[in-house]
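What follows is a single structure, written as structure tokens, with notes after it.
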Amino acid sequence: MAKVTIDGIEVEVQDGINVIEAAKAADVHVPHFCYHPSLTVVGQCRMCLVEVEGMPKLQAGCATPIKDGMKVHVWNDKVDKARKGQMEFLLINHPLDCPICDKAGECPLQDYAYNYGSVTSRYGEVKRTYPGMDRTPIGPHVVQNMNRCIHCTRCIRFCNEITGTSELAFFKRGASTEVGVFPGVPLENWMSACVTDVCPTGALTTREFRFESRVWNLDSAESVCNGCDVGCNIFIGHRNGQVFRYRPRVNPEVNDHWLCDYGRFSHEKYDTDRVVVPKVRHDDYLGISTWSEAMEAIVDAVNDATSIGVIASANLTNEEAFLAKQLFVDRMKAKVQVTVDPIGPIKMKSRTEWLVGEQGGPNFRGVSSILGGGSDIGSCDVLFVLDATFSEKVNVEELRAKAKLLVVVSWDANHPLAEAADVLLPGTIHAEKEGTFTNLQNRVQRIHQAFPPKGQAVSELELFRRIGAALYHDAAEFRSADAYDIFASLRESMPAMQISEEMPAEAL
Ligand code: SF4
Ligand code: SF4
Ligand code: FES
């Protein structure tokens, strides 16, 4: 360990880390563009200059390792002047198009220009532009505007060092230097959209999100991707009950700064008709009902049934699985099947290792450890399908033939199982839920509700609670549908179920 002083604040940090990282321990931000904690150091942009006592010239913070006793100045007149000069150089050629740039509002270049730049420039000549390169699709997801590039090489290093696919490179020289792909080789690796996260300007944006919303008009909720069992940490960008984008939330243990393209854009499946009211089938017609009519149909059928089956999906949270266990297994003695589709494999890089996602659901481990269950329930009087989207390979006719009464929970109104149900209950998507998922490393990670369920839908926890309360009036376990209360009960019966340490949000 090394004791160092950053702007008068003494901190103890790991020996050899660079000044930018050491300054974080003192809560001092060193402005930087080319440095990225998960990429190699290139010392290219000179934005991170700091003064180190005893050294004759200003030093690049990203390329200066900490030594015991070092005294560093990040904010003094000398450094400030150099920083302003550097901003002036960078802005010689950068267009003044923040008002029409999708990065505005979350752009380091804009923030630094505003906070540390000069209001005037001594360079009045015509700006260099890249004619015809201001909206170039360079891959299926990424659109490039070369005029906004500051040549930091983060995107090039990402493709060289993380995916190892090397699609991007510098072409031409000097002030004409361009970032681009090789002819006939588009940027289409499985994590390609990560270059838009590492890019510190609006030079690289995603085809899917550009011009969809100004970022300051979006709210953000901390969650976990439900594309596979890696469980990458995400922010859900949303407004008025609609998901606009997923962004990576830094977690060095799982997804570091990254997301795969499949997971990043997987919320597009929610842009569909939603089930917003319960429905009950009468005389072969599935018609809108009240919640009490739907509950009545379920209570009557369960009371008359001699065999009950449950197909649970890997999309259930641990809390939902626990309440489902209390309701269906402990009380109804139902047979349970937990199914998940294989996927990928999808490779995801944590700070230290590659993880490989192989299941097309986020919580197979959690659900199967809580609910147990086999792979086929056979025929039964009442069959509950706890999320119609449990498998893409479902044979609706076969499933229909298994049960006298089919109860389906679904958020997707166009799903064939929703149309085949005798009782259809509106379900929620994971942006509408509070709870936890257990990933392939057995990390138990929280997801937070971004917005409330649609229409008359209620959380699956409330849904199970309502069924439980209607059937077993005095049962204590169906008094609360609060995810935190239920997690506490779950921990009592499974002490190993511990929330993994939540990672503090880290600035790029
Ligand atoms: S496109 Fe973005 S990430 Fe790539 S070099 Fe230019 S500014 Fe840097
Ligand atoms: S690796 Fe899995 S969890 Fe991560 S972003 Fe991709 S689909 Fe989502
Ligand atoms: S961040 Fe240090 S030179 Fe770019």
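Helix-derived [θ] at 222 nm for the chain: sum -39500 (n - 2.57) over DSSP H runs of at least 4, divide by residue count, nearest 500?
-6000 deg cm²/dmol
Report the Cα centroid-to-centroid distance between region 9-66 and region 176-226 in angstrom, as an integer.
First find each Cα centre; the distance between them is then 27 Å.
If I fit a long axis through the Cα atoms of helix 77-93 and take the longest principal axis of the Cα atoms of the chain, what angle between them do I get, 0 to 90°, rounded to 10?
Roughly 80 degrees, rounded to the nearest 10.
Residue 9 to residue 96: FRET efficiency via 1/(1 + (r/R0)^6), r the Cβ-Cβ distance, R0 35 Å, to the nearest 0.05?
Efficiency, from the Cβ-Cβ distance: 0.45.
Mean separation of Cα pairs under 8 Å and 6+ residues apart, divided by the residue count of region 369-476: what relative contact order is that in percent?
Averaging sequence separation for qualifying contacts and normalising by length gives 18 percent for region 369-476.
Extending each Cα 7 Å along its Cβ direction at residue 494 and residue 68, get the distance between those two points in nm, one decimal.
Here the answer is 4.8 nm between the modelled labels.
Quick check: Cα centre of region 336-403 to Cα centre of region 407-476, how many Å?
What the calculation gives is 15 Å, centre to centre.
Taking the mean number of other Cβ atoms within 10 Å as a proxy for protection, how do you rank 400-412, 126-138, 210-222 from highest to lowest?
400-412, 210-222, 126-138
Need the full-extension length gain, residue 169 to residue 304, defined as separation in residues times 0.36 nm minus the C-alpha distance. One decimal, nm.
Extra length available between residue 169 and residue 304 comes to 41.7 nm.
Going by a ≥ b ≥ c, the root eigenvalues of the Cα gyration tensor, does region 1-88 fall in the rounded group (a/c under 1.5), the prolate group (a/b larger than b/c) or the oblate group?
Oblate, because a/c is 1.5 or more while a/b does not exceed b/c.
Considering Cα pairs under 8 angstrom that are at least six residues apart, work out the relative contact order of region 338-421 and quote it in whole percent.
26
Ranking request for peptides 437-448, 72-83: highest mean number of other beta-carbon atoms within 10 Å first, then the rest in descending order.
437-448, 72-83
Modelled label-to-label distance, residue 161 and residue 81, 7 Å Cα→beta-carbon offset: nm?
According to this spin-label approximation, the distance is 3.3 nm.
Counting other beta carbons within 10 Å of each residue's own, what order do 29, 141 fall into, fewest first?
29, 141
All other residues with a Cβ under 14 Å from the Cβ of residue 6 taken together, and with Lys, Arg as +1 and Asp, Glu as -1, what is their net charge?
Local net charge: -4.
Rounded if a/c is under 1.5, else prolate if a/b is larger than b/c, else oblate: which is region 54-181, with a ≥ b ≥ c the root eigenvalues of its Cα gyration tensor?
Here region 54-181 falls in the oblate category.
Multiplying the sequence separation of residue 343 and residue 285 by 0.36 nm and subtracting their Cα-Cα distance, what value in nm do you get?
Extra length from residue 343 to residue 285 when fully extended: 17.3 nm.
How do the peptides 344-350, 160-166 rank, highest first, by the average count of neighbouring beta carbon atoms within 10 Å per residue?
Packing proxy ranking, top to bottom: 344-350, 160-166.
Residues of region 337-359 with the amide nitrogen closer than 17 Å to a label point 7 Å from the Cα of residue 441, along Cα-to-Cβ, please.
Answer for this model: 346-359.
Subtract the Cα-Cα distance of residue 221 and residue 448 from 0.36 nm times their separation in residues, and report this length gain in nm to one decimal.
81.1 nm
Please give me the summed charge of the neighbours of residue 337: other residues whose Cβ is under 12 Å from its Cβ, Lys and Arg +1, Asp and Glu -1.
Overall, the nearby charge balance is +1.
Would you work out the relative contact order for the chain, in percent, from Cα pairs under 8 angstrom that are 6 or more residues apart?
In percent, rounded to a whole number, it is 11.
Rounded to the nearest 0.05, what FRET efficiency do residue 136 and residue 272 have when you use their Cβ-Cβ distance and R0 = 25 Å?
Efficiency computed from Cβ-Cβ geometry: 0.20.
Label 7 Å along Cα→Cβ of residue 353; region 424-442 residues with amide nitrogen under 14 Å?
440-442
What is the order of 479, 365, 207, 264, fewest Cβ neighbours within 10 Å to most?
Ascending Cβ contact count within 10 Å gives the list 479, 207, 365, 264.
Obtain the radius of gyration and the Kirkwood radius of the chain from its C-alpha atoms and give Rg over Rh.
Result for the chain is an Rg/Rh of 1.06.
Could you please report the charge total around residue 420, scoring K, R as +1 and D, E as -1 over all other residues with beta-carbon less than 15 angstrom from its beta-carbon?
Once all neighbours under 15 Å are counted, the net charge is -2.
Taking neighbour Cβ counts within 10 Å as the exposure measure, how do 94, 473 sort from fewest upward?
Sorted ascending by nearby Cβ count, the order is 473, 94.
Throughout, read-outs are computed from the coordinates displayed, never taken from laboratory work. Here the structure is a predicted model, which is why all the values come from computation and not from measurement. Here Cβ is always computed from backbone atoms with ideal geometry, including for glycine, and neighbour counts include all displayed protein chains.
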